Amino acid sequence: GLEDVHLVDKVPVPGFESGTALCFPRQGQFHITKYMSGLANAITRRGGSIFTHTHAAKVEGGPNATVQTSAGFTVKSNAIVVATNSPINAGLVMHAKQMQWRTYVVGFLYPKGAFEPCLVWDNLDPYHYVRMTKLNHNATHDVLIVGGEDHETGRAHDMDQRYSSLENWTRERFPFVEEVSFRWSGQVCEPVDGLAFIGRNRQDHPNMFVVTGDSGMGMTHATIAGMIIPELIQNREHPWASLYDPSRAPVHNKTEFLKEGVKLSAQYGKYFTPAEVSDESEVPPGEGRIMRHGLSKWALYRDKDGNLSKMSAVCPHAMGVLMWNSDEKTWDCSAHGSRFDPLGNVINGPANTNMKHVE
């Protein structure tokens with residue numbers, strides 16, 4: 001619980017002059033792949049089945065609830081839980097209550113035992129988070145993982161600067177780190193009131209449930225969802241159900257809710273902004289660019305062999321205009337955070353279909 005939380009003069013890291021901090025004793029850190037492996041084994045051990053590389057193309061609730069896959073199979077169920085990070089079947093109201101953000105991570109080697117393992121968060125804007133992980137038992141070094149420098153999906157082009165900012169921030173506070181060995185980015189859903197949406201999707205049939213708004217804490221919210229949703233499926237009460245109810249209004253943060261609505265509306269103005277290139281020949285190998293074609297905008301991608309793919313730059317989810325992400329080599333939507341690979345295949349909802357190819 002929170003009874004033992006207390007103030008300390010600084011975080012327990014040599015050289016990091018953090019100032020006063022809150023200490024949460026007995027922190028735990030999971031090895032996520034081992035944890036996931038344990039969950040998968042528990043599911044199959046109890047008679048469940050897991051199907052990877054299976055795209056749920058259509059989800060329908062009601063008396064005959066079904067999930068149709070893109071391979072033509074149909075799964076029938078008494079209840080369906082949509083836990084796709086950003087829900088692929090929720091209406092626009094749900095997406096108006098949360099935004100998708102890109103978050104950046106850098107991994108540094110540092111001498112084993114240089115500091116006491118701990119989890120650290122600051123409250124800067126943009127904020128930072130720190131944790132460590134072991135390479136192996138015989139290694140002379142561990143890895144310090146530092147993340148942050150977030151921005152709303154599809155609304156920034158300065159990815160290299162964000163990695164540089166993370167490195168500079170880290171070296172100032174953790175002077176014992178050595179070379180950068182890893183770097184990557186991820187995507188998180190941030191609800192406007194800070195709480196996840198877990199429970200019955202009241203915009204759908206009563207047997208449709210949703211888990212979203214994880215705010216980067218998917219393991220925690222997955223555990224909470226595993227406690228709440230089974231009770232709701234069996235028409236029982238759970239004391240936390242109202243707290244995480246997906247239908248709740250953002251009462252305590254109406255200003256942020258309205259601000260996000262204004263920013264979202266502004267994204268549709270990209271239909272009228274200039275294109276990045278005026279001719280296909282201007283697209284370099286391994287990159288994507290937006291080109292205007294009459295009144296439309298096209299998304300062009302040229303692979304390393306020079307082959308050009310042409311797609312509509314309009315997101316199939318809610319008609320937002322896509323942006324090329326040069327760091328991840330993806331097409332990102334600034335409206336609701338959908339993402340697509342260079343050839344237009346969907347990789348992140350809420351969109352659930354591919355980009356439209358054009359000629």
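Quick notes on this structure:
- Considering segment 241-300, and only residues there that are in contact with an Asp or Glu (Cβ under 7 Å, 6 or more places away or on another chain) and either at pLDDT below 80 or of a type in the set (Val, Ile, Thr) (or both), the residue that is nearest to Trp324 (Cα to Cα) turns out to be Ile290.
- Test result for Asp142, within 24 Å of Trp331 (Cβ to Cβ), at pLDDT 90 or above, not polar (S, T, N, Q) and not in a loop (DSSP other than H, G, I, E, B): no
- Criterion violated by Gly107 - all others in (1) open to solvent by less than 50 Å² (accessible area, probe 1.4 Å); (2) over 20 Å from Leu166 (Cα atoms); (3) of a type outside the set (Lys, Arg) satisfied: (2)
- Conditions (1) in contact (Cβ under 8 Å) with a residue 60 or more places away in the chain; (2) surrounded by fewer than 20 Cβ atoms within 10 Å (Cβ to Cβ); (3) assigned to a strand (DSSP E or B); (4) among the aliphatic types (A, V, I, L, M): number failed by Leu322: (2)
- Condition check for Phe197: under 23 Å from the mean Cα position of the chain (by Cα), under 24 Å from Asp332 (Cβ atoms), modelled with pLDDT of 95 or more and surrounded by 19 or more Cβ atoms within 10 Å (Cβ to Cβ): yes
- A count restricted to segment 118-135 and to residues that are open to solvent by less than 80 Å² (accessible area, probe 1.4 Å) and either at pLDDT 90 or above or over 14 Å from Trp169 (Cβ atoms) (or both) stands at 10.
- Entry remark, segment 158-193: residues being open to solvent by 40 Å² or more (accessible area, probe 1.4 Å) and touching a Ser or Thr at 6+ places or on another chain (Cβ under 8 Å) number 2 in total.
- Top-ranked residue in segment 1-32 [being among the polar types (S, T, N, Q) and over 17 Å from Thr220 (Cβ atoms); ranked as surrounded by the most Cβ atoms within 10 Å (Cβ to Cβ)]: Ser18
- Looking across segment 44-59, just one residue is in a strand (DSSP E or B) and open to solvent by 80 Å² or more (accessible area, probe 1.4 Å), and that is Lys58.
- Per the listing Arg202, Arg155, the residue uniquely closer than 24 Å to Trp331 by Cβ and either surrounded by fewer than 16 Cβ atoms within 10 Å (Cβ to Cβ) or at pLDDT below 95 (or both) is Arg155.
- The set of residues in segment 32-52 that are touching a residue at least 60 places away in the same chain (Cβ under 8 Å) and not β-branched (Val, Ile, Thr) contains only Tyr35.
The values are calculated or read from the model by the stated rules, or taken from the named source; none is laboratory data. Bear in mind the structure is a predicted one, so any value in this text is a computation, not a measurement. Please note: Cβ atoms are built from the backbone with ideal geometry, for glycine as well, and neighbour counts cover all protein chains shown. Note: accessible area is taken over every heavy atom of the protein model, side chains too, but ligands, DNA and RNA are not part of it. Shrake-Rupley method; radii C 1.70, N 1.55, O 1.52, S 1.80 Å.
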